[in-house]
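Read-outs throughout are calculated quantities, based only on the coordinates presented, and are distinct from any laboratory measurement. Bear in mind that the values here come from a model prediction, so they are computed numbers and not experimental data. No Cβ is skipped: glycine too gets one built from the backbone with ideal geometry, and neighbour counts run over all protein chains shown.
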Amino acid sequence: MNLHIIILAPTTGPVITIVGLLLVAGLISYLTAWFYAKSVYTPVIKGLEEDKIQLNREISGLKDDIGKLEEKVDQLNRHISKLEQDLSDKEKLISEKEDQIIALKNK
């Protein structure tokens, strides 16, 4: 048992040093990758945000256009209803006149 401790004792210092160096190397590589990604993707993200703002403006304009078109459709539907009512009234009038003509012919 003492032999194992004696054999491991001189190697623990370098092992701890190697593990510490690996941790430092990992931290350095992580930070390097993060800064690289930040420098590459920040302009892309800003461009996408500007596109999003412009698209939202276009959507707002299209919603206004939809509102105007719906109002125009409602107005045209009211006009159609009025014309259909006028047509119905004129058909009744024609029918009454035809009945009067038939009645006069029968006399």
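Structure summary
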read-out	value
FRET efficiency for GLU58 and ARG78, using Cβ-Cβ distance with R0 set to 22 Å, rounded to 0.05	0.10
Cα gyration tensor, segment 19-66 - rounded (a/c under 1.5), prolate or oblate	prolate
Principal-axis tilt of helix 2-106 within the chain, Cα atoms, nearest 10 degrees	0
Most fluctuating residue given options GLU91, GLU49, GLU70, as computed from a GNM of the chain linking Cα atoms under 10 Å	GLU91
Segment 14-107: radius of gyration and largest Cα-Cα distance (Dmax), Å	39.2, 132
Lys pairs under 27 Å by Cα in the chain, provided they are eight or more residues apart or on distinct chains	18
Potential extension, LYS92-THR12 segment - 0.36 nm per residue separation minus Cα distance	17.7 nm
